[in-house]
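Have a look at the structure below before the remarks.
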2 protein chains.
Amino acid sequence: MPHADTNHQWVLARRPQGLVEADDFERRDAPVPEVGEGEFLVQNLYLSLDPAMRAWVSERGTGYMPPVPIGGLMPGGCVARVLESRHDDFSPGDLVLGMFGWQDYALSDGGGPLRVSKVPDGVPPTLPLSALGLTSLTAYFGLKEIARPQSGETVVVSGAAGATGSVVGQLAKLSGSRTVGIAGGAQKCAWLTGELGFDAAIDYKADNVRARLSELCPDGIDVYWDNVGGEILDAALGRLALHARVVLCGAISVYNSESPAPGPANYLNLLGRRARMEGFLVFDYLDRIDEAMAELLPLVLEGKLRYREDIRDGLDTAPAALRDLFTGAHDGKLMVQIAS
Amino acid sequence: MPHADTNHQWVLARRPQGLVEADDFERRDAPVPEVGEGEFLVQNLYLSLDPAMRAWVSERGTGYMPPVPIGGLMPGGCVARVLESRHDDFSPGDLVLGMFGWQDYALSDGGGPLRVSKVPDGVPPTLPLSALGLTSLTAYFGLKEIARPQSGETVVVSGAAGATGSVVGQLAKLSGSRTVGIAGGAQKCAWLTGELGFDAAIDYKADNVRARLSELCPDGIDVYWDNVGGEILDAALGRLALHARVVLCGAISVYNSESPAPGPANYLNLLGRRARMEGFLVFDYLDRIDEAMAELLPLVLEGKLRYREDIRDGLDTAPAALRDLFTGAHDGKLMVQIAS
């Protein structure tokens, strides 16, 4: 298939200080690479923007990926179309999902931090990044393997209007739990209780989170799913039920801070409550994607798992859009359309 | 059996501020109680002194026991002799273990926070408080149910020269793990590596704990058993191996602080390392004491599980001895002999 001569890319220009800024990235033009034996070339269609990207560009990096070097291509999950292939498993025209990065074209051997997978026929091309994306897989495996909410238990989710949190709440609700979401703003909270079926919502920008958790969880929190860290994690730790499970899924409140944030003073409540706090990364479960898809796809198609997409137009909007991810200036799963 | 008319007791005089002081307690004389139907009277022989007592007398209390009220009898685990009984399961002369408190005599119905159990014939009377005590049961069940060290894994224990920590290290070593103990002072460290068979020891009073953990655990910490909290917990969290287990067993460094101590800033490493931090209380496993005894008693009798006892003379030494527990001015499992 024909393609342009130039591969537009966005690289890391400098280490962000605090909140990520558009100027932390810069555009670079590169030639479109040649396809070698065992490789294939894709054209990116949609790029996913995720909170973890802030950690990827920090000096500290993450436990699972080295920091992106200055001048290095920004990594990112994409849905892409295979243009040329010298790889047995991929053919021109295939719609695929992989870590192809902030660029128009990418070369792949099918491996990498996230094994490249094919998007099944009939699945709309944005779904693998939104309702069927890594965020949904995170919710699915984290609930199934770590949190294991039981019918009648109280599940509290922070970042509840986010791509992961909204699915955590809906799946927990489908499993018979009482669900309480924590989100920023009345509009997001109304969406949680009105459309997504959460039993209650706490607006952390307006409410006293500790007081509201006490009111809404009189018997304590059985499962706390943490996407944010900081004060809200500490508040939830102070309200655990016996044998509670705390899933550490992210810490968006601290990703932008340069100095290490203080730890949760209430951690010792894990002792009195014989509770468990466990870190969780979806990357450990990628060999079970098919199992998750078999459960999630019907829920999405039947409208039982609802979601929103916020699609920005053009690769060059990615740096500013990433900033919006942290300021809350987005409405649903944030992605960038690179090509149609 | 004959007994005195007066029951000497020690009660909580005031809430301790910071380090517990002898003056925080006061002596009270009470009549020896009458034995009602279904009850029995014991004479205490040995009283165990434990770090958790500091939490019991704090305003905050613990998740498993309400705070001791001002003027209330100090609780404590004791080995005692049954003097009179109107209870079907206990007879005069029986040696029993129970939460009988800081006093000469106690009335019991066999229940309470710790079910009263009989000390098997032939077991020396201090063993149920030392090598076979709650501290050893804590080590046994915490390793078996929470930490699950595998052969070849690296196990790090803080408070390693303490009654719980020393048993954790020895049992972990017997299961084939590499064991590193953290303790205060060269003498304690020499005891760990010389007599108890720890592979290495870190003297937190003299060494840089973070640097030594890096040296001694090049592949990370698979199991960290925390008896101390604070800085040392944070250092260990910064050095976790993938899928590490952190057992929260106590936090002696914060029991004496009145303001909540800062939480461990490195908690987020649980996420990158997909690790688990879990609170653990031996009280949840007391119905399995027999199983633990069947494993521990032979180890003690064969000298494979070594221990030290620091026995103070007379109930009136208890308040000062409790202080020694926190300053490190003791040598082995601390207890008070109340009667012979």
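The values are calculated or read from the model by the stated rules, or taken from the named source; none is laboratory data. Since this is a predicted model, take the numbers as computed values, not measurements. Please note: Cβ atoms are built from the backbone with ideal geometry, for glycine as well, and neighbour counts cover all protein chains shown.
Tabulated values for the structure
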{"item": "Residue that is nearest to B:GLY332 (Cα to Cα), among those in segment B:33-68 that are assigned to a loop (DSSP other than H, G, I, E, B) and of a type in the set (D, E, K, R)", "result": "B:ASP50"}
{"item": "Candidates A:THR138, A:THR179 - the one that is under 16 Å from A:ARG245 (Cβ atoms) and out of contact with any strand residue (DSSP E or B) (no Cβ under 6 Å at 6 or more places or on another chain)", "result": "A:THR138"}
{"item": "Flag for B:PHE90 being aromatic (Phe, Trp, Tyr), closer than 19 Å to B:VAL336 by Cβ, crowded, with 21+ Cβ neighbours inside 10 Å and modelled with pLDDT of 95 or more", "result": "no"}
{"item": "Cβ-Cβ under 7 Å pairs, at least 6 apart or on other chains, segment A:319-340 side free of Cβ contacts under 8 Å to residues at least 60 places away in the same chain, far side in a helix (DSSP H, G or I)", "result": "A:HIS330/A:ASP324"}
{"item": "Test: residue in segment B:194-201 that is over 18 Å from the mean Cα position of the chain (by Cα) and either among the polar types (S, T, N, Q) or within 14 Å of chain A (Cβ to nearest Cβ) (or both)", "result": "no"}
{"item": "Test: residue in segment B:100-119 that is over 28 Å from B:ASP316 (Cα atoms), surrounded by fewer than 24 Cβ atoms within 10 Å (Cβ to Cβ) and not polar (S, T, N, Q)", "result": "no"}
{"item": "Single condition B:LEU271 does not satisfy, out of (1) touching a Gly at 6+ places or on another chain (Cβ under 9 Å); (2) surrounded by 22 or more Cβ atoms within 10 Å (Cβ to Cβ); (3) more than 14 Å from every other protein chain (Cβ to nearest Cβ)", "result": "(3)"}
{"item": "Unmet requirement for B:ASP23, which otherwise passes all of (1) charged (D, E, K, R); (2) in a helix (DSSP H, G or I); (3) surrounded by 14 or more Cβ atoms within 10 Å (Cβ to Cβ)", "result": "(3)"}
{"item": "Number of the exception - A:PRO67 against (1) closer than 30 Å to B:HIS243 by Cβ; (2) buried (at least 21 other Cβ atoms within 10 Å of the Cβ)", "result": "(2)"}
{"item": "Residues satisfying the stated conditions in segment B:120-162, i.e. at pLDDT below 95 and at positive phi", "result": "B:GLY122, B:GLY159"}
{"item": "So A:VAL82, is it surrounded by 15 or more Cβ atoms within 10 Å (Cβ to Cβ), at pLDDT 95 or above and away from chain B (no Cβ under 14 Å)", "result": "yes"}
{"item": "Top-ranked residue in segment B:202-246 [being acidic (Asp, Glu) and without any contact (Cβ under 8 Å) to a residue 12 or more places away in the chain; ranked as farthest from the other protein chains (Cβ to nearest Cβ)]", "result": "B:ASP207"}
{"item": "Test: residue in segment A:69-83 that is out of contact with any His (no Cβ under 8 Å at 6 or more places or on another chain), part of a loop (DSSP other than H, G, I, E, B) and charged (D, E, K, R)", "result": "no"}
{"item": "Among (1) within 14 Å of chain B (Cβ to nearest Cβ); (2) assigned to a helix (DSSP H, G or I); (3) touching a residue at least 12 places away in the same chain (Cβ under 8 Å), the one test that A:ARG288 misses", "result": "(1)"}
{"item": "Residue list for segment B:144-163, restricted to those being surrounded by fewer than 22 Cβ atoms within 10 Å (Cβ to Cβ) and touching a residue at least 40 places away in the same chain (Cβ under 8 Å)", "result": "B:GLU145, B:ILE146, B:ARG148, B:GLN150"}
{"item": "Cross-chain or 6+ apart pairs with Cβ under 6 Å, segment A:172-197 first and without any contact (Cβ under 8 Å) to a residue 40 or more places away in the chain, then of a type in the set (Ser, Thr, Tyr)", "result": "A:LYS173/A:THR179; A:GLY176/A:SER151; A:ARG178/A:THR154"}
{"item": "Residue satisfying all of: in segment B:26-64; within 18 Å of the chain's Cα centre (by Cα) and of a type in the set (Val, Ile, Thr); surrounded by the most Cβ atoms within 10 Å (Cβ to Cβ) among these", "result": "B:VAL57"}
{"item": "Of all residues in segment A:308-322 being in contact with a helix residue (DSSP H, G or I) (Cβ under 7 Å, 6 or more places away or on another chain) and crowded, with 18+ Cβ neighbours inside 10 Å, the one that is nearest to A:GLN337 (Cα to Cα)", "result": "A:ARG312"}
{"item": "Number of the exception - A:ALA339 against (1) outside any helix (DSSP H, G or I); (2) over 19 Å from A:SER136 (Cα atoms); (3) within 14 Å of chain B (Cβ to nearest Cβ)", "result": "(3)"}
{"item": "A:LEU325 of a type outside the set (Phe, Trp, Tyr), more than 14 Å from chain B (Cβ to nearest Cβ) and assigned to a helix (DSSP H, G or I)", "result": "yes"}
{"item": "Residue satisfying condition, being in contact (Cβ under 8 Å) with a residue 60 or more places away in the chain, buried (at least 21 other Cβ atoms within 10 Å of the Cβ) and either basic (Lys, Arg) or more than 13 Å from every other protein chain (Cβ to nearest Cβ) (or both), within set B:LEU305, B:LEU299", "result": "B:LEU305"}
{"item": "Residue within segment A:45-56 that is within 30 Å of A:CYS249 (Cα to Cα), acidic (Asp, Glu) and modelled with pLDDT under 95 present", "result": "yes"}
{"item": "Number of positions in segment B:113-137 that are free of Cβ contacts under 8 Å to residues at least 24 places away in the same chain and touching a Phe, Trp or Tyr at 6+ places or on another chain (Cβ under 9 Å)", "result": "0"}
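Quick grid of which residues meet (1) of a type in the set (Lys, Arg); (2) outside any helix (DSSP H, G or I); (3) in the same structural domain as A:LEU12 (by TED's automatic domain parsing):
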position: A:TYR267; (1), (2), (3): no, no, no
position: A:MET293; (1), (2), (3): no, no, no
position: A:ALA320; (1), (2), (3): no, no, yes
position: A:HIS330; (1), (2), (3): no, yes, yes
